[in-house]
1. Out of the residues in segment 260-275 meeting the condition of being within 21 Å of the chain's Cα centre (by Cα) and among the small types (G, A, S), tell me which one is farthest from P232 (Cα to Cα).
2. Looking at P324 and the list (1) of a type outside the set (D, E); (2) assigned to a strand (DSSP E or B); (3) modelled with pLDDT under 95, which single condition is not satisfied?
3. I'd like the residue in segment 203-244 that is part of a loop (DSSP other than H, G, I, E, B) and β-branched (V, I, T) and, out of all such residues, is farthest from I339 (Cα to Cα).
4. Please work out which residue is surrounded by the most Cβ atoms within 10 Å (Cβ to Cβ), limiting yourself to segment 154-177 and to residues that are over 16 Å from D231 (Cα atoms) and of a type in the set (D, E, K, R).
5. Just need a number here: residues in segment 503-533 that are in contact (Cβ under 8 Å) with a residue 60 or more places away in the chain, among the aliphatic types (A, V, I, L, M) and in a helix (DSSP H, G or I).
6. Among N380, N347, N340, which is of a type in the set (S, T, N, Q), part of a loop (DSSP other than H, G, I, E, B) and within 20 Å of the chain's Cα centre (by Cα)?
7. Would you confirm whether or not segment 480-498 contains a residue that is polar (S, T, N, Q) and surrounded by fewer than 18 Cβ atoms within 10 Å (Cβ to Cβ)?
Amino acid sequence: MTENGSRIASPADLSARREQLIAEDVGIRRILVCSTGCLAIGAREVEAAFREGVAAADLQGEVQVVATGCHGLCAMAPVVVIEPNDVVYGRNRIKYVPDVIEQTVKSGEIIRRFCFGRDPEMAHLGDIPFYAHQTKAVLRNVGRVDPQQIDDAIQRGVYEAAGQVLTSMEPDEVVEEIIASGLRGRGGGGFPAGLKWKICKESPGSTTYLICNADEGDPGAFMDRALLEGDPHSVLEGMIIAAYALEAAKGFIYVRAEYPIAVEHIRIAIEQAHERGLLGPDILGSNFSLDIEVREGAGAFVCGEETAMIASLEGERGMARPKPPYPALRGYLGQPTIINNVETFANVPVIIGQGGVKFAESGTEGSKGTKIFALAGQVNNTGLVEVPMGATIREIVFDVGGGLPKKREFKAVQMGGPSGGCVPASYLDLPIDYDSLREVGAIMGSGGMIVMDETTCIVDIARYFISFCAEESCGLCAPCRFGTVRLKEILDRICGGRGTIDDLNDLERLAEVVQKTSLCGLGQTAPNPVLSTLRHFRDEYLAHVADRTCPAGVCTALLPEKEVATAAKEG
């Protein structure tokens, strides 16, 4: 039997360790405290209070307090889940802890005032619409494990898919399994992952490199961050499988330094995996070896683009390079390189575990599996959401998200971050996948969803996102460097009450030029918010330039003096 902390030398050792951990936990109840995103509103203090309360009640041998990753329902943070019955309490405070321990942990009673909507009928995970309408595959361990304890991951079956691959599959078989799954890269472009791997394998070079893109920088997006914070070992497992398939011996995780918890947790996970023989030489007793290194980015949005990331990894300024050649042919240090994002790698063990054909049964014709979204903005249940590809906007916003506050009208959702587009209410029943979103002028992006109601000025939203892209441009190519700034200036005039019909024409023409002539994905997609809002909300633009009004009442230069004074007084 493999003992705690010792090297795991084979898949048999791994299975034995898992069985041992499961046996040791029989009869143990757990209090799972979200201790990542919820830290900003007192989760650490709540966790400490639960530990003290459990000790004071002399329950240490029966009850464990576990600091986990995100439970998803950020609107109810800090969230606590009490196993084995999955009782969910939201908005936890230190003063509530004694009642939870006395009434729920010890006596099994449900405390109504802590339940979702203060409704005792929604006291359990399966009863709450936010959770009931999701399909958690990639997020299956997030919120269930202590991300700083490798044994928690092993107990949940992490690394078993890697053991299967390393001992019973050839590298080419792994690639074919990913191709069969239909997995598309979750970083935004949606390129078929298996095809990219196959191209890389067939590319000439002395060394193949693997890079995990964790430079998620979209406003309102936190999918990759949540995975690294809450389940780092599943990401490492996906990288091990990919590296074996590509016969790569070196991997990098490029993560922005603004994610200190993610950086800390992935570094701990790498160290623990090395100690157990799950990284480094002869993984799980095979003849395959892999080292993974964490590199922290300085927060430049453009470094989420493949070639700019490679430049940064090579010690140069993060600026895009012309393509082709693509990184799969010639990337890091001029060698074949695969770059996938965090969510893509986290899908890989899921695919191996159930088989590529089975995985392909979920999702849509051209987009398989599930997708994680960061649901934000003017929606009741903000948070982290995982649904099958093909779920509609209505299902996500209203069934999972609980609709809009104050019964306001849904106006649009910004899909794909600053490089995405605004999808109006007329497409609420649009099945979300890579292809359907492109047809309406948006993109999947990494999965940000910002919900807007009738109090949102669409023109001001377009200005916000183009301002972001202008600030984040690396400045290498003129269309992006100058074009995004000119687009912002036109939108400034329109929001400032100085716009004209000619400005609308110039705005559309310039946006199309920037889109078609920019060097990299940042410049090519930066005009999407402008073009999509012009396409779906032209009347609102016309109101700004022709009627000199802002229908949403946001652009103060277009409001009567009384309304401006009222708006200033209200906030």
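1. That would be A262.
2. (2)
3. By that ranking, first place goes to T207.
4. E177
5. Residues meeting the conditions: 3.
6. N380
7. no
Rundown of residues vs (1) of a type in the set (F, W, Y); (2) more than 18 Å from E247 (Cβ to Cβ); (3) outside any loop (DSSP other than H, G, I, E, B); (4) modelled with pLDDT of 95 or more, yes/no style:
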| residue | (1), (2), (3), (4) |
| --- | --- |
| F130 | yes, yes, yes, yes |
| T135 | no, yes, no, yes |
| L139 | no, yes, no, yes |
| R144 | no, yes, no, yes |
| P147 | no, yes, no, yes |
| I154 | no, yes, yes, yes |
| A162 | no, no, yes, yes |
| V165 | no, no, yes, yes |
| I179 | no, no, yes, yes |
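The values are calculated or read from the model by the stated rules, or taken from the named source; none is laboratory data. Values in this document were obtained by computation on a predicted structure and should not be read as measured data. FYI the Cβ positions are ideal-geometry reconstructions off the backbone, even for glycines, and counts take in every protein chain you see.
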